Amino acid sequence: MMEESVFHQWQAGDKPHPFLSSCFEKTKVVEPLDYENVILQRKVQIYSDPLRDLLIFPIEDVSVIISRQRRTVQSTVPEDALKKAQSLFVKECIKTYSSDWHVVNYKYEEYSGDFRMLPCKSFRPDKIPSHVFEIDEDFEKDEDSSSLCSQKGGVIKQGWLHKANVNSTITVTMKVFKRRYFYLSQLTDGSYILNSYKDEKISKESKGCIFLDACNDVVQCPKMRRYAFELKTIDKYSHYLAAETEQEMEEWLVTLRKIIQSNTESLVQEKKDTVESVQGHSDIDLNKLSRNDGRQNLFSFDPEVQRLDFSGIEPDVKPFEEKRSRRFVVCCQDFSLNLLAQLGDRSEGGPTNVEPFFLSLALFDLKNNCKISADFHVDLNPPPVRDMLLDNSASGAEATKGHLPAETNVYLLQGVFSVTDPHMEIFLVARVEKVLQGSITHCTEPYMKNSDPGKTAQKVHKVAKQVCSRLGQYRMPFGWAARPVFKDSQGTLDVEGKFSPLYKQDSSKLSNEDMLKLLAEYKKPEKTKLQVIPAQLNIVIKDVPLDFTNCVTASYIPIKPFEKSCEDVAVEVGELVPEVAKYFYPFTVYKNHLYVYPLHLKYENQKVFAKARNIAVCVEFRDSDEADGKPLKCIYGKPGGRLLTTHAYAAVLHHNQSPEFYDEIKIELPIHLHQKHHLLFTFYHVSCEINTKATSKKQDTVETQVGYAWVPLLKDGRIVTLERHLPVSSNLPPGYLGLGDTESRRVGSVDAKWVDGAKPLFKIRIHLDSTIYTQDMHLHKFFQYCQLVQAGAKEVPGELVKYLKCLHAMEIQVMIQFLPVILMQLFRVLTNVTQEDEVAVNCTMVLLHIVSKCHEEGLDHYLRSFIKYVFRAEKPSVTQAKMTHEILVLSMATILKQSADFLAINKLLKYSWFFFEALAKSMAMYLLEENKIKLPRGQRFPDSYQHALHSLLLAIIPHVTIRYNEIPEESRNVNFSLANFLKRCLTFMDRGFVFNLINDYISGFSPKDPKLLVEYKFEFLQTICNHEHYIPLNLPMTFSKPKLQRVQDVNLEYSLTDEYCRHHFLVGMLLREVSVALQDNYDIRYTAISVLKNLLIKHAFDNRYQHKVRHILLAFKHNVLEFYEKITHQNCRSCVVPQGYSHYFFRKLFSTRSSVSHCSRLDQFEIRTLLMCYLYIVKMISEGWCILLTGSVERCFLMIRFLSADAGTSEADIVHQALLEGNIATEVCLTILDTISFFTQSFKTQLLSNDGHNPLMKKVFDIHLAFLKNGQSEAALKHVFASLRGFISKFPSAFFKGRVNMCAALCYEILKCCTSKVSSTRNEASALLYLLMRNNFEFTKRRTFLRTHLQIIIAVSQLIADVALSGGTRFQDSLLIINNFANSDRPMKATAFPSEVKDLTKRIRTVLMATAQMKEHEKDPEMLIDLQYSLAKSYASTPELRKTWLDSMAKIHVKNGDFSEAAMCYVHVAALVAEFLHRKKLFPSGCTAFRKITPNIDEEAAMKEDGGMMDVHYSEEVLVELLEQCVDGLWKAERYETISEVSKLIIPIYEKRREFEKLTQLYRTLHGAYAKILEVMHSRKRLLGTFFRVAFYGQVSI
């Protein structure tokens, strides 16, 4: 019932649609409905709806995921760390590193962005199908007759013959012969063809063809020419040929007679394979299934989808992780010098070094002039050499605090280095040390001499054994080597690089600064100054493999994956990160290391100690300065020793009273540090003399204490890491830390004996690598004050504000490194604010400062990680305090309302995303942790919070709509951030309240806004509409109305009325804004159209709604379709306009100047985008609404063939774009075929009215025909033909009864397809043509298919006349296919149908014989007209065929300016129709009425009363049109005298019809004609031509 009413409204009437009257006006503000109330009231309706999933928000849409992935096997935080910690800052750091992430998980978050974020990643097909079009086929194959020569029988005979040109005016004896090369071939249906060419090359175009099944005899013609013979055809038409010799003539005659005889005796036997049955696709359901097979999403070929540009999308927020630098592995394999010997009793293994050597590896940055890694100590000594050291009992590992397992060997040979800023001037330096023995020169000399190595090795080994037993714990410098690490600044490892030679260590160039100078010298070509020690250092560097296992951190904590019983373990070497902001990263793991670097001791002027030359420095870390104080076991030991020891020694320089040091001592600091923690340096003089005759007591005196120095670790509660110069004391009195400053030394309360007058003799440097201690004074004091308040101390008014303001001076390095700790503490302070607004505002200002700094340094991704993974709104400790989101909203509104601090306001607007994200997560955590998520939405948040949100919104609006020019970036950012926040609020809060917020915000914009504000508005709307539950938010259901109103306004339920916009708020607002935007300039239109298109693309690829999207579109289809129809009207003014409200809109849009002035024409991109969107909706909506689409689909198709996207300049871009265009065209075709199929099923009755001769049927048929007229792809045409087969079978009366228009048009287009270069298209066209004939035969109850027969002949004639029948050879193939169908169609075997088809193909071939000659004379109009006249004369008995050729002649005459001849053609056509009507007793006179005009008119009396006239449908109306055409033609030809004769025939008809206006016009024409006759009689300026036909008689001698 509804379909009928819609159908009638579409067909008739100009009733204007209510929406159209206001579509160009300002969009109205429509108050949204109370969403929660509607959901409650319509609960039964919603839950009973079969598609209720589209109406209900899913349960458990939001949840909290608590997890944390760690690199290490166990947490890096010690088990009792929190108990030991006493500082609030340290506690918060430990909590941060040990607590899990709290992530608010939105179940459908992947669907909350635009289409690029959807989980469905197959936007583009893996392989874009390639579609073949007619134009793609090779042009050279247009007339490739080689296919004929490879048919059933191949070439039967070939040779040179002379062929006579056919001309009806020349006698038989005067034929003009041309030499041609002939091929006689057998076709697939068994028939034979004789093709002629200029030469033997058959690949060229055929000059003519003779079908032998149309011939009935062959005879000699000796009178015409020597060796000539005549091929007679069934239609009494002859072909004259002549051989060059008598023998050749006889051979041709014998062959041709055999063929003609076989044709007359029996039908040719068929051996062609069965072609696809023409009845197989008539079923509409099968057609639909076939079309759906392998279908592509229309939007898959959209340019934006193809590009898939992810640049505008925020990357996935990743959790905090340890710094990811360029990592590589250093594998130490072997170190050997030139003095080798077999040590020990065991014979296994080869010769080894004769004494132990120790390596330490580190990275040096020559460009930045600094050391960039910690030291990696390696012991490559084999066991026999290690046995030389006395202290080998401590070589076992120690399992401390869950570090490296006890059973693992501590002789680590692999180090994993990290480099944050790789470049070519980074070097890996290997320092080589040995056991202290003497001077460097003395110790290296044996290795550099060329004397007997065997004896020297034994001698050196003997001395080394003594030295190791006595001085085994002391080391001395020996040499160094270096190699570059990277090939380039991208971090490509120089894996093939080798180490430099081992250079002798200069005792005066030991420091890191000296090493950098040596590296600079090493880089230079002249390296002769450096002394080389012959050695082999085998160290390899390589990339860290993906499956790298068994590695430990710099704190020796195992990293996943780690095997417990492993032997080959690698250790990460600490990186000394450059102090540049971009290299900082937030700490995520516990690490508490201190690096101590003794640098220099100035002892050359000391007088206290007699001997102080071989000075060793022992470093200890103590927590007490009492006499019984013991060093802490926290210093990382060397290979072979314990993991953590109590002391470490620096390398010793022999006989040097002012030694430099390069050693690095790494300390594991305690969790809690106090004032007594300090570093103690003890200096020893080491006796290097080996006196074998001395007593053992003297020998045991190895070291003598020669001084002490110390430095407290904390100063004002913070670790100080500056370079320090310390005095040296000769003794260590109790309470020595009291002598830390100059003043206490002066007082002398402690008995200390200072060396050299307490001058700063000892220089050290300390580097802190800790994630729980800060050196920033402002941060330290802030946490210190917070700890006091937390402990119960009384708050001083304004004190907290003072410390908060001081945080603005915090160093950026500290801010980034402790970002999670600082931000969480600030939010904690914010939450615990009670009444003091100043604290909340200042706290927010500090947050804003940190956020701003992070953005300025390009580190805002850390902020996103913090919000998503770390931030957690804690409950306030004070009962009357508010939740984080409540106090934060108030603070933001307060800042925005301030008029003085515009800098802070601008920053808050620019970085508002951070605060809105914090609000959203705080709201989510509040609902989930308090279990309020199960409450009705209206009860989840207090009214005060909703009021605060509304106040914040109102505070933001003027900054966007008024200050947008002043602060474009800030206003854009807050616009986008606010949209994202409100989108989140739709998940948590009362949706009606959020709708009102959205409405209030959009109301702040105006239709007259500049382009920037319009972009803001659409960006805001697009963000909101990208909500993951956009469909339920729009309530896609009908809202009940009174029955009478439903009947009257069947369309209004889905139109953009105020009521619709209220019920379906988001889509209504979006479409209204788009409608208004389309009246604006290009940029604004582009923005609006893009938003709408992207929304539809998202729905198209949303896998949740793939099978339900049709019903979704039903909810708001009417207004969308109407909207697209308006757009297509705007660009289709020449198209047929459908009835109904679309027609009203069309007139309104183009009849009023005001509307046109506001709306410039849409460009190609806009039209293309809108049409693709429209077609997507057409494709997806249900069948019952197809009546609304037909007119628009027709226009859509007519337009989309003209549209193509811009391709790139490269050939690849052009090819790719062509591929996309082909797929789009194919998908458009299939979509329209789907729609037409639905339409014909739904409205079959209406289409069949008046035997199918009605405007609706014409529209549907024209769409089908348009596919054949406009080139489609091979795949598309396959479905078009299938659809046409079903259409013919469904509506046979439209083709075979009444007027012939549809049958004629279809025959013409099918025959054109029969000449296609694409074989499958030819096959399909042939099958369709056969089906048309067969259905016609069945429609006449198997009597005849006269109509189709006649229309095919007429169509062939038209094609030949228009010289449009290209590909004659291919056309012959199509005729063969039709013959094969007829011969293999078993149900038709017993009927006359096969023979009639055979007869039809013969007649077609007869007509085709003129094709070659017409092509030959295409540029010779006289000869061309003569040929066509001959054909027209031969069809004098068949009115339709004669009319076709006469019309063609008239066209050629008009084209050539021969208006008199054209006028005569019009007269003959009119006479033909008059004669027909006269014989049918429908007109008083026949062709005799035209005798006064031309005596040749009697030719039209040759019309026969036979079957050729049965299917002719001429009428008086047709005759009048032709007579009017005659008048017009005669006027142009200046044949004024004859106009009156024609007018005499028209006037009675006009008088009978009482068409006085036309009579007036006709008499006015006659008056003009007589006036012209008088004028030319007086002026004698009219020139009328006289024509003579010249003929030659007699035989031509050659």
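The values are calculated or read from the model by the stated rules, or taken from the named source; none is laboratory data. Keep in mind that what you see is a predicted model, and the values were worked out from it rather than measured. Virtual Cβ from ideal backbone geometry, glycine too; neighbours counted across all protein chains shown. SASA here: full protein model, heavy atoms, side chains in, ligands and nucleic acids out. Shrake-Rupley method; radii C 1.70, N 1.55, O 1.52, S 1.80 Å.
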- Task: Quick one: in region 1252-1283, of everything that is farther than 16 Å from M1302 by Cβ and small (G, A, S), which residue is surrounded by the fewest Cβ atoms within 10 Å (Cβ to Cβ)?
- Result: G1271
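Is it true that L530 is outside any strand (DSSP E or B), of a type outside the set (S, T, Y), surrounded by fewer than 19 Cβ atoms within 10 Å (Cβ to Cβ) and touching a strand residue (DSSP E or B) at 6+ places or on another chain (Cβ under 8 Å)?
yes
Scanning region 1284-1312 for residues that are at negative phi and not in a helix (DSSP H, G or I), which turns out least open to solvent (accessible area, probe 1.4 Å)?
Looking at the filtered set, the residue picked out is F1291.
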- Message: Going by what's in this entry, would T1315 be described as free of Cβ contacts under 8 Å to residues at least 24 places away in the same chain and either buried (at least 22 other Cβ atoms within 10 Å of the Cβ) or in a helix (DSSP H, G or I) (or both)?
- Response: no
- Task: Report the residue count in region 586-611 for those that are within 16 Å of P727 (Cα to Cα) and in a loop (DSSP other than H, G, I, E, B).
- Result: 8
- Message: Take the conditions under 16 Å from N973 (Cα atoms) and in contact with an Asp or Glu (Cβ under 9 Å, 6 or more places away or on another chain) and apply them to E1028. Does it pass?
- Response: no
- Limited to region 357-384, what total is found for residues that are closer than 23 Å to P453 by Cβ and in contact with a strand residue (DSSP E or B) (Cβ under 6 Å, 6 or more places away or on another chain)? 5
- Go through region 811-822 residue by residue and tally those that are open to solvent by 10 Å² or more (accessible area, probe 1.4 Å) and part of a loop (DSSP other than H, G, I, E, B). 1
- Please tell me if S5 is of a type in the set (S, T, N, Q) and modelled with pLDDT of 80 or more. no
- Hey, among K611, K633, which residue is open to solvent by 20 Å² or more (accessible area, probe 1.4 Å) and either free of Cβ contacts under 8 Å to residues at least 60 places away in the same chain or under 30 Å from I850 (Cα atoms) (or both)? K633
- Scanning region 710-742 for residues that are of a type in the set (S, T, Y) and buried (at least 18 other Cβ atoms within 10 Å of the Cβ), the one modelled with the highest pLDDT turns out to be S729
- Message: For region 1322-1341, check the following and say yes or no: at least one residue is open to solvent by 10 Å² or more (accessible area, probe 1.4 Å) and either touching a His at 6+ places or on another chain (Cβ under 8 Å) or in a loop (DSSP other than H, G, I, E, B) (or both).
- Response: yes
- Residues satisfying the stated conditions in region 1470-1485, i.e. touching a residue at least 40 places away in the same chain (Cβ under 8 Å) and surrounded by 23 or more Cβ atoms within 10 Å (Cβ to Cβ): A1470, V1473, A1474
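Please verify whether E321 is at pLDDT 70 or above, open to solvent by 10 Å² or more (accessible area, probe 1.4 Å) and more than 60 Å from the chain's Cα centre (by Cα), treating the condition exactly as stated. Outline the logic, then answer.
Working: at pLDDT 70 or above: yes; open to solvent by 10 Å² or more (accessible area, probe 1.4 Å): yes; more than 60 Å from the chain's Cα centre (by Cα): no.
Taking the combined requirement at face value, the residue does not satisfy it.
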- Message: Give me the residue from region 361-375 that is in a loop (DSSP other than H, G, I, E, B) and hydrophobic (A, V, I, L, M, F, W, C) and, out of that set, nearest to the chain's Cα centre (by Cα).
- Response: I372
- Query: Quick one: would you say I1024 is crowded, with 21+ Cβ neighbours inside 10 Å, under 23 Å from S1090 (Cα atoms) and not small (G, A, S)?
  - Reply: yes
- Message: Looking at region 455-495 only, could you name the residues that are touching a residue at least 12 places away in the same chain (Cβ under 8 Å), open to solvent by 10 Å² or more (accessible area, probe 1.4 Å), not in a loop (DSSP other than H, G, I, E, B) and not hydrophobic (A, V, I, L, M, F, W, C)?
- Response: T456, Q458, K459, H461, K465, Q466, S469, R470, R475, P484
- Kindly indicate whether any position in region 324-347 is open to solvent by less than 70 Å² (accessible area, probe 1.4 Å) and modelled with pLDDT under 75. yes
- Message: With the requirement that a residue be under 16 Å from Y474 (Cα atoms) and part of a loop (DSSP other than H, G, I, E, B), what does region 613-624 give you?
- Response: R613
- Say we look at region 229-278 and pick out the residues that are open to solvent by less than 80 Å² (accessible area, probe 1.4 Å), closer than 28 Å to L1400 by Cβ and part of a helix (DSSP H, G or I); which of these is modelled with the lowest pLDDT? N263
